[in-house]
Amino acid sequence: MKIAVLGTGGGARAHAARLVELGHEVFASTRDPEATLARTEPDIMGNVPYSQWLADHPGITLKSFGDAAGAADLVINGIDGHNAVAALTAIADRLAGKTLIDYAVPYVYQHDSEHPWPTPWGVMPKLEPCDTDSLAEQIQRALPATKVVKSFVTQEQSTVVDPASVGEGDHTMFVAGDHTDAKQQATDLLTSYGWSDILDLGPLVCARGMEMYAHMHSAIGFSLGQQFGGHFGIKVVR
Ligand SMILES: NC(=O)c1ccc[n+]([C@@H]2O[C@H](COP(=O)([O-])OP(=O)(O)OC[C@H]3O[C@@H](n4cnc5c(N)ncnc54)[C@H](OP(=O)(O)O)[C@@H]3O)[C@@H](O)[C@H]2O)c1
């Protein structure tokens, strides 16, 4: 399948690399490919410059967000959550009729926060929107011709693409969305990654809970003595 991964962060890199391994045609993407390839410094998360990473991962083509989405059958959103709605709205025509699996968190970084956390930003970001809306619902409203599925977001993406790396894969992944066929596409992709316990939470409104879990994910990771971006699983026991 032709799959676009929107974003050049650590999460997007994990998906792109795994999708190539699985035999897909993968279009990685960024705002400005030339500018991204010219970067020589690691990003804030310590990821190596993109050109270096790309050289180590043959078979991945880097395009602009719009060109990647336009060339793909299925699209994964890994654009920084605070900027995702604007970036996706700008390429709405290239996403029309397609499934978009969104794993972004709508973090807003408040550096004057009185709640310092051991994140790379030194604070625990706040979520906006939260409670009465979610990023996934905002994206769906902005892109009515696209089928938005929220998934992947309750885990580090390195765990999402390799569930067996934690607890022999015995943990739970979630999907939510208003389009049954699109949720099935997300579920099929997760199954190909190795997930066996995939819980359909129902409509896209359930993305609120998944996004709000971000705080708990960080808290659990820190309590386990892990860095921001902890590598562990959660299991719904029933
Ligand atoms: N990393 C994970 O494992 C993980 C796990 C769960 C959830 N998430 C969430 O998923 C999202 C992506 O995370 P990530 O770590 O893969 O990458 P990230 O570093 O959070 O985001 C990088 C991407 O956002 C784009 N971006 C930044 N500012 C932008 C702007 N003003 N306009 C358009 N695009 C912009 C960048 O574009 P350029 O390529 O042009 O620089 C880059 O492609 C975040 O919301 C994160 O909280 C990540």
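The values are calculated or read from the model by the stated rules, or taken from the named source; none is laboratory data. It should be emphasised that the depicted structure is a prediction, and the values quoted were computed from it without experimental measurement. A quick note on method: Cβ atoms are made from the backbone with ideal geometry, for glycine too, and the neighbour counts reach across all protein chains shown.
Screening GLY97 against (1) assigned to a strand (DSSP E or B); (2) on the phi > 0 side of the Ramachandran plot; (3) not hydroxyl-bearing (Ser, Thr, Tyr) leaves a single unmet condition, (1). Being buried (at least 17 other Cβ atoms within 10 Å of the Cβ) and touching an Asp or Glu at 6+ places or on another chain (Cβ under 8 Å) is the requirement here; does LEU204 meet it? Spelling it out, LEU204 is indeed buried (at least 17 other Cβ atoms within 10 Å of the Cβ) and touching an Asp or Glu at 6+ places or on another chain (Cβ under 8 Å).
Which of the residues belonging to region 128-155 are in a loop (DSSP other than H, G, I, E, B) and either more than 10 Å from the ligand (Cβ to nearest atom) or in contact with a Gly (Cβ under 7 Å, 6 or more places away or on another chain) (or both)?
Of everything in region 128-155, those that are in a loop (DSSP other than H, G, I, E, B) and either more than 10 Å from the ligand (Cβ to nearest atom) or in contact with a Gly (Cβ under 7 Å, 6 or more places away or on another chain) (or both) turn out to be GLU128, PRO129, CYS130, ASP131, THR132, ASP133, SER134, LEU143, PRO144, ALA145, THR146.
Quick one: is PHE232 over 15 Å from the mean Cα position of the chain (by Cα) and within 15 Å of the ligand (Cβ to nearest atom)? Full working, then the answer.
Values: over 15 Å from the mean Cα position of the chain (by Cα): yes; within 15 Å of the ligand (Cβ to nearest atom): yes.
It is true that PHE232 is over 15 Å from the mean Cα position of the chain (by Cα) and within 15 Å of the ligand (Cβ to nearest atom).
For region 101-127, give me each residue that is part of a loop (DSSP other than H, G, I, E, B) and in contact (Cβ under 8 Å) with a residue 40 or more places away in the chain. Correct list: TYR103, ALA104, VAL105, PRO106, TRP117, PRO118, THR119, PRO120, TRP121, MET124. Of the listed requirements (1) within 14 Å of the ligand (Cβ to nearest atom); (2) of a type in the set (S, T, N, Q); (3) surrounded by 21 or more Cβ atoms within 10 Å (Cβ to Cβ), SER158 misses just one: (3). Within region 81-129, the residues that satisfy the criterion of being surrounded by 15 or more Cβ atoms within 10 Å (Cβ to Cβ), more than 29 Å from GLY225 (Cα to Cα) and hydrophobic (A, V, I, L, M, F, W, C) are ALA84, VAL85, ALA87, LEU88, ILE91, ALA92, LEU95, LEU100, ILE101. For region 164-175, state whether one or more residues are surrounded by fewer than 21 Cβ atoms within 10 Å (Cβ to Cβ), within 14 Å of the ligand (Cβ to nearest atom), touching a residue at least 12 places away in the same chain (Cβ under 8 Å) and of a type in the set (A, V, I, L, M, F, W, C). Yes: region 164-175 contains one or more residues that are surrounded by fewer than 21 Cβ atoms within 10 Å (Cβ to Cβ), within 14 Å of the ligand (Cβ to nearest atom), touching a residue at least 12 places away in the same chain (Cβ under 8 Å) and of a type in the set (A, V, I, L, M, F, W, C).
Within region 175-204, which residues are in a helix (DSSP H, G or I), out of contact with any helix residue (DSSP H, G or I) (no Cβ under 7 Å at 6 or more places or on another chain) and either under 19 Å from VAL148 (Cα atoms) or modelled with pLDDT under 95 (or both)? Talk me through it step by step, then tell me what you get.
Step one: list which residues in region 175-204 are in a helix (DSSP H, G or I), which gives 180-193, 204.
If we keep only those that are out of contact with any helix residue (DSSP H, G or I) (no Cβ under 7 Å at 6 or more places or on another chain) as well, we get 180-192.
Scanning region 175-204 gives THR180, ASP181, ALA182, LYS183, GLN184, GLN185, ALA186, THR187, ASP188, LEU189, LEU190, THR191.
Against the numbered list (1) without any contact (Cβ under 8 Å) to a residue 12 or more places away in the chain; (2) more than 18 Å from VAL5 (Cα to Cα); (3) in a helix (DSSP H, G or I), ALA207 comes up short only at (1). Within region 5-51, the set of residues being free of Cβ contacts under 8 Å to residues at least 12 places away in the same chain and out of contact with any Pro (no Cβ under 9 Å at 6 or more places or on another chain) comprises GLU21, GLY23, GLU34, ALA35. Please count how many residues of region 179-201 are over 21 Å from GLY230 (Cβ atoms), touching a Lys or Arg at 6+ places or on another chain (Cβ under 8 Å) and surrounded by 14 or more Cβ atoms within 10 Å (Cβ to Cβ). So the answer is 3.
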